[in-house]
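Presented below is the structure to which this report refers.
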Amino acid sequence: MRPFSAQLQTRRFAPVCHDISIAGELVGLHDSGALWWPDGDTLVVADLHFEKASSFARKGVMLPPYDTAATLEKLAEVIEAFQPRRVVALGDSFHDANGSDRLPASYRAMLTTLQLGREWIWVTGNHDPIAPVGLCGETVDEVALGGLMFRHEPRADAEPGEISGHLHPAARVRRYGRAVRRPCFATNGHRLVLPAFGIFTGGLNVLDEAWAEIFPTQAFSVFLLGEARLYPFTASRLVKD
Amino acid sequence: MDARADPLLPKRFSDWFAGRGWHPRAHQLALLEKAAEGRSVLLIAPTGAGKTLAGFLPSLVALSRRRKKIAVAARSRAGTHTLYISPLKALAVDIARNLEAPISGMGLDITVETRTGDTPTHKRQRQKRQPPDILLTTPEQIALLLSDPEGRAMLADVDTVILDELHALVTSKRGDLLALGLAALRRLSPGLRTIGLSATVAEPEDLRAYLVGQQPDTPRALADWVVADGGVRPDIGILSSGERLPWSGHSARYALEDIYRTIKAHRTSLVFVNTRSQAEALFQNLWRINEDTLPIALHHGSLDVGQRRKVEAAMADGSLRAIVCTSSLDLGIDWGDVDLVINVGAPKGASRLAQRIGRANHRMDEPSKALLVPANRFEVLECQAALAAAHRGEQDTPPLRSGALDVLAQHVLGCACAGPFLPDELFSEVTSAEPYRTLPREAFDQVVAFVATGGYALRTYERYAKLKPQPDGRLRLAHPRLAQQYRLNVGTIVEAPMLKVRLVRSRAEGRRTPVGRGGRMLGEIEEWFVDQLAPGDTFLFAGEILRFETIRENEAYVSRARSDAPMIPSYQGGKFPLSTYLAASVREMLADPENWAPLPDQVRAWLELQRQHSRLPLREGLLVETFPRANKHYLVCYPFEGRLAHQTLGMLLTRRLERLGAHPLGFVASDYALGVWGLGDLGAMIGDGRLSLDGLFDEDMLGDDLDAWLAGSSLMKRTFRSCAVIAGLIERRHPGLEKTGRQVTVSTDLIYDVLRQHEPNHILLQATWQDAATGLLDISRLGQLLRRIRHQIAHAALSRVSPLAVPVLLDIGKEPIFGDAQEALLADAADDLVREAIR
């Protein structure tokens, strides 16, 4: 039981990953929810959902307008830790198609600073099907790099090596009559689904029916995000919501 | 007190009384007098004193006179004359039935209707067009009517508002909602009078102030009050069983035979227990030994409404011998002739006990009869203290709450739904309500800003504002859609997500068919409880042992189980903390052996042993014992301040002990004591001065330590969620409208974290803190405790467990152990796999 204040202070991310192999490529799972691909000198983050709160506010649900800032700060810390040559934002980077347009100037500047000196790829997602307005970076629907294919929404018929997001994987573990639910990475060795990186994002239990096409059998593993570490479990050890 | 002589009571009424062999009681006539003087009034009367009739009498008399003057044609245009507001839907329905007798008996031309969440839409619409003379309803319905111009028109002529069970209403956020509604009603209909009906309370002035409008910067305005004759002193006993008194636990199994025999010896008994799980267990056990097959029923808040109504009806027609029930029957619905109240477990509060006892014998000239059945030794002490309080007629109802800000936010939106408003006017209206009398203007403005744009320091949502300023300074609702949203979210009760429990045929019964559909609905159960169950687990519910099958949408499918050893639900519905007043009485009793005379021999011997082996808990100070046991070191203290305050204290103590290098492992809290255990030798640390008890229990733990702990506390997050729902930040979960997947919704935990980090003074966090301080964390009471015991901590360094500590240690394993164990749990579960892999 560490005091909470201490937890906050030590929440600077260390560039230490849990290494796994996806279709023969070595990739590192990071407890921030980001993926580090050393051979590509690439950092991958999925489902940032920038400007989600303001998207809700338009409909009269006044969520605190701090999500973009908090997600940006977290992203900055991970970029600081890994110093990647390239960043891939794996779709749904903005919560809606107007999100990049609404991005306040200060955050826009912060994001631009993060993009300086590195390649930046915006993969489109269902929430943000078009290129962000007034921001650097290349916009693609999907991109193949090395032996890996980066796209937003995992495909049932995907070739091995698919890295995706979209589903916001989360898993539940029960023990001593108590259950813990956390965002997680989900993989079967051929494909990998990243947890949502955005602050205001929920998760979809990997045992939900929506996953049946992605992992048809129970032969997959998850890595739950923890404090400065990941907790690996096979799917058979998980429970439904 | 001759009825015929009273000029205020028309002949038709006095004849009706006389015809039934009754005469109006003094307090009933007193209320007529107050009505004639145009005064608001609080009536304090025990159950069965004709309280309800007293409340309605002035309205019935006024309406009977009015009819003569008003032409029939004009009638449909008149608004409602009298509003009756009760905390329970069932009570409104019950009262409607009870009013039937005098109205038809006297041939009065008065319309009475109910309006609750169950009232069909067409009837509600009709009520707005043709308001009944008397409308029986709930605080939520008042809020709904006030949010709608037609509803306001219907209430514009209200003459009298009767508030039933006021003592119960004012202690919750529903009381805040109602206070704001009353303030709005007063502005709508300036001549309005209120009549509060209440059981005996500790501070009647609070209720009297609640009933009338308050003015700024003047002493509290008070309604008049009338106290009905308290009747005969109750006849209360504590069960003295020949069986051995348990050290711990809440089941009172030892007394089962005694309880059964007592039920048998009486006509009709109400058996009160404190939690739903205890009700289930006791009911089950009573039927196990029910050789005479006495009709014994079960009643608690989770049971299906239909089933509850059936039990209530059976009770009303006198066909039951006993009902095992929880506080769901605390409030004053009248059923048949109860001649005995049995309270199993600790009463938790003197007034609570008095109200429960009041359910027996509704004739005022006969004493109520009650039997207290303590379930363990500490509860014997508590029962004794409660009994003494009952004999002295002392009360310990909680003080009036100060109005919650989340409820105010809801009300502000409701007002906007009714039409544009001027903030200045609304502020004076709101502060005329007693709970909001001292609300600073700044807080009010923050709440209005919250409703309009979320109220964030970062003013980014102006263009999406829900309230738009008009040129004349009024605020107008931005879109009619917001009014619909408001109507779906109105109310202050935020339930834990519930699942319906449906009985189906078991899958285990052979046939390989899917689990059957369409079985009987048994009731509702908390989602988190079902979450813990694996298919095949058995538990007690609705008086049966059930086998959990599966979850389908929002229903839990269960089947009848053959097992006779169920895994009993551990859900805690209706668990009350020990009242401060009783706690003080218990400490006083313990501290002085002279007070032990009324206690059973076993308990006296137990305390005597404690005196010899350790020492007795102090009246004002705090006894702290330390002792080693099985490789661990224990610290047990006896604050007697209730479970909630002890839990908070336990959290903070372990945090401090951790920092001091004492390696605490966990703690367990009961209503009476707190036990902490760890690897470090706490006794030795205190002995050689490395650990100062005064320092450990210093009040400054309520500063940084509390703050740091609250950051991650799930209790705080739960509290925040309910504030966010009430204040309208997020929408209520509506059954059937939950199609959206989890990935689209925003969890309030995330909102809480972000808000706490970026805007720690946000109005919703203030509301959360206000709730937690008096609610789940009971910080106010913990603060009082720490101040009381300062420099009065006695340490007993023992070589082994003390007699008083035994029950505390026995609770370990039965009660949840606290601590920030999520990470540990995950690590443990994950490491299990590693071990498996190595093996």
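The values are calculated or read from the model by the stated rules, or taken from the named source; none is laboratory data. Note that this is a predicted model, so its numbers are computed, not measured. Don't worry about glycine lacking a Cβ; one is built from the backbone with ideal geometry, like all the others, and counts go over all protein chains shown. Calculation scope for accessible area: heavy atoms of the full protein, side chains included, ligands and nucleic acids excluded. Shrake-Rupley method; radii C 1.70, N 1.55, O 1.52, S 1.80 Å.
Using a 10 Å cut-off around each Cβ of peptide B:701-710, what is the average number of partner chain Cβ atoms that fall inside?
Partner-chain Cβ atoms within 10 Å, mean over residues of B:701-710: 2.
Other chains near B:448-455: what is the mean number of their Cβ atoms within 10 Å of each residue's Cβ?
Mean partner-chain Cβ count within 10 Å for B:448-455: 2.
Compute the normalised compactness of the range B:622-680: alpha-carbon radius of gyration over 2.2 N^0.38 Å, N being the residue count.
1.04
Over chain A, calculate the relative contact order: mean separation of alpha carbon pairs under 8 Å at least 6 apart, over the residue count, as a percent.
The normalised contact order for chain A reaches 20 percent.
Going highest first, how would you order B:216-225, A:87-96, B:138-147, B:296-305 by mean Cβ packing within 10 Å?
Ranking, from highest mean packing down: A:87-96, B:138-147, B:296-305, B:216-225.
Please state the relative contact order of the range B:3-227 as a whole percent: Cα pairs under 8 Å, 6+ residues apart?
So the answer I get is 27 percent.
Please name which of B:Leu88, B:Pro149, B:Ser670 has its Cα lying farthest along the dipole of chain B towards the positive end, using unit charges on Cβ (Lys, Arg +1; Asp, Glu -1) and the Cα centre as origin.
Projecting each Cα onto the dipole axis, the largest value belongs to B:Pro149.
For B:752-759, what's the mean count of beta carbons from other chains sitting within 10 Å of each residue's beta carbon?
Mean number of neighbouring Cβ atoms from other chains: 5.
Of the accessible area of chain A, with the probe set at 1.4 angstrom, what percent is carbon plus sulfur?
53 percent
Suppose every Lys and Arg Cβ carries +1 and every Asp and Glu Cβ carries -1, with no other charges. What dipole size does the range A:17-237 come out with about its Cα centre, to the nearest 20 debye?
Here the range A:17-237 has a charge dipole of around 900 debye.
Relative to the longest principal Cα axis of chain B, at what angle does helix B:480-489 sit, 0 to 90 degrees, rounded to 10?
It works out to around 50 degrees.
With springs connecting C-alpha atoms under 10 Å apart, model chain A as a Gaussian network and identify which of A:Ala53, A:Ala144, A:Ala69 has the largest mean-square fluctuation.
A:Ala144
For chain B, take the longest principal axis of its alpha carbons; what is the angle in degrees between that and the long axis of helix B:26-36, to the nearest 10 within 0 to 90?
The answer is roughly 50 degrees.
Between the range A:84-154 and the range B:634-653, how many Å separate their Cα centres?
Centre-to-centre distance over Cα atoms comes out at 51 Å.
Would you mind checking B:Lys173/B:Lys500; B:Lys500/B:Lys717; B:Lys11/B:Lys34; B:Lys348/B:Lys632; B:Lys632/B:Lys717 for any pair whose Cα atoms are more than 28 angstrom apart?
B:Lys348/B:Lys632; B:Lys632/B:Lys717
Counting only protein heavy atoms and using a 1.4 Å probe, what share of the accessible area of the range B:235-392 belongs to carbon plus sulfur, as a whole percent?
Here it works out to 49 percent.
Can you list, largest first and rounded to whole Å, the semi-axes you get for the range A:17-237 by taking the square root of 5 times each eigenvalue of its Cα gyration tensor?
26, 21, 16
What number comes out for the charge environment of B:Phe444, summing +1 per Lys or Arg and -1 per Asp or Glu over other residues with Cβ under 13 Å away?
-3
Determine the relative contact order of chain B: mean sequence separation of Cα pairs under 8 Å and six or more apart, normalised by residue count, in whole percent.
This gives 11 percent for chain B.
Okay, helix-only estimate at 222 nm for the protein assembly as shown: each DSSP H run of n ≥ 4 adds -39500 (n - 2.57), divide by all residues, round to 500 deg cm²/dmol; what do you get?
-11000 deg cm²/dmol
On each of the three principal axes of the Cα atoms of the protein assembly as shown, give max minus min coordinate, whole Å, ordered largest first.
Extents along the principal axes: 102, 78, 68 Å.
Just the number please: accessible area per residue for the range B:3-227, 1.4 Å probe, all protein chains included, in Å².
Solvent-accessible surface per residue comes out at 39 Å².
By the scheme Lys and Arg +1, Asp and Glu -1, what is the net charge of all other residues having a beta-carbon under 13 Å from that of B:Lys264?
Result for the local shell: -2.
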